[in-house]
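Structure record follows, encoded as structure tokens.
We did not get these values from a lab; they are worked out from the coordinates using the rules stated. This is a predicted model, so every value here is computed, not measured. Because the Cβ atoms are built from the backbone with ideal geometry, glycine has one as well, and the counts that use them run over all protein chains shown.
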Amino acid sequence: MKLASIHFYPVKSAAGHEVHEAEVQPWGLAGDRRYLITDEHGGIITAREEPSLLACLPLLDGDTLTLTGPHAAPLRVVPDSAISTVDMRGTPVALTDCGDAAARWLSELAGRPVRLKWLDDPTRRPVNPAYGTPEDRVSLADAYPLLLTSNDSLAQLDDWIAKTAAERGEEAPAPLPMHRFRPNVVIDDVGTPFAEDEWRRVRIGEVTFRVTKGCDRCVLTTIDTATYTKGKEPIRTLAKHRRRDGKVWFGINLIPDAPGRIAQGDSVAIL
């Protein structure tokens, strides 16, 4: 098996980047999901509620974030000193506000008042203690430092989706792009679809990871990133083939044992 691609997302629920190599930090890939968007009352806003946020392509140069999008000129983000607490899945996390200019830029894109927040100290947020140690940390990802998916599993899912369409007399859809699932690492040559469900430890290049749990999927995966409209797939077909505990599943969550670097083409081993 080998590492096929690496992806990171500077702003939670905005567009991401594919990179040739990346630094694995204790809380996730370097630069991954250190920013998020809130409403004017401090509640988290994601593309689940505002699909237009996927049109924002954040560019990261060192510690400098620049927002780019179809509606306005690029904007360099300058965080200010205001700090507020945001509820991250039941855990209060202190975040730094990124100023009125960033708020106006994103509000115009979202069509509602929003603000941009920055996790200046990534050691603030612990991982769910049911799946990690007291020392484990995560940035602003939903729950865990990295998400792994496999191309074999996506190929199987695409086959299932085509069969679902045929059974319903619908036109066969185009294969889903992997970026619908917003993974950090994508694996090739697994051999068996969804074999990753059974993994407990994995090594990618020089970095070893613990597998915490599978990743339950939401309506974000149904958004077409070209049109920003929601459809029925893949949730409809995952519910038919990959439903358990009232949820649907695709991919696995990882916690790194120690920092290191990974690169496309790295070997992948199950430990």
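What does the net charge come to around T237 if you take all other residues with beta carbon closer than 14 Å to its beta carbon, with K and R at +1 and D and E at -1? Around T237, the charge tally is +4. Across region 14-25, coupling constants 3J(HN,Hα) worked out from phi with the 6.51/-1.76/1.60 Karplus curve, θ = phi - 60°, read 9, 5, x, 10, 9, 10, 6, 8, 7, 8, 8, 9 Hz, and Gly and Pro carry x. Projecting the Cα positions of L176, P58, I235 onto the charge dipole of the chain (unit charges on Cβ atoms of Lys, Arg, Asp and Glu, taken about the Cα centre) puts I235 furthest along the positive direction. Neighbour counts of C-beta atoms inside 10 Å place E196, E233, E23, E135 in the sequence E135, E23, E233, E196, starting with the fewest.
Take the Cα of K213, go 7 Å toward its beta carbon, and the backbone nitrogen atoms of region 71-98 under 17 Å from that spot belong to 88-91. In order along region 186-199, phi translates into HN-Hα couplings of 10, 10, 9, 6, 5, x, 10, x, 6, 4, 4, 4, 9, 6 Hz, rounded to whole numbers, per the Karplus curve 6.51 cos²θ - 1.76 cosθ + 1.60 with θ = phi - 60° and x for Gly and Pro.
If you take all other residues with their beta carbon under 10 Å from the beta carbon of W249, and give Lys and Arg +1 and Asp and Glu -1, the sum is +3. Entry note, the chain: the mean residue ellipticity at 222 nm calculated from DSSP H runs of n ≥ 4, each adding -39500 (n - 2.57), is -4000 deg cm²/dmol after division by the residues and rounding to the nearest 500.
Given R₀ = 45 Å, what would the calculated FRET efficiency be for A101 paired with R201, taking r from the Cβ atoms and rounding to 0.05? Intermediate values should be presented prior to the final figure.
Details: r = 45 Å, r/R0 = 0.99.
The computed FRET efficiency comes out at 0.50.
Under the simplified labelling scheme, the D87-T229 pair shows an inter-label distance of 3.4 nm, with each label point 7 Å from Cα along Cα→Cβ.
Placing dummy labels 7 Å off each Cα toward the beta-carbon, the span from I270 to R243 is 2.7 nm. When a/c reaches 1.5 or more, the comparison of a/b and b/c decides; with that in mind, is region 94-154 rounded, prolate or oblate per its Cα gyration tensor? Oblate shape, in that a/c is at least 1.5 and b/c is the bigger or equal ratio.
All other residues whose Cβ lies under 15 angstrom from that of A258 are scored, Lys and Arg at +1 and Asp and Glu at -1, for a net of 0. Working from Cα pairs under 8 Å separated by at least six residues, relative contact order for the chain is 24 percent.
How big, on average over all directions, is the shadow cast by the Cα convex hull of region 146-270, in nm²? If you can, show how the numbers build up before the last one.
Details: hull surface 32.8 nm².
With the hull built on Cα positions only, its mean projection is 8.2 nm².
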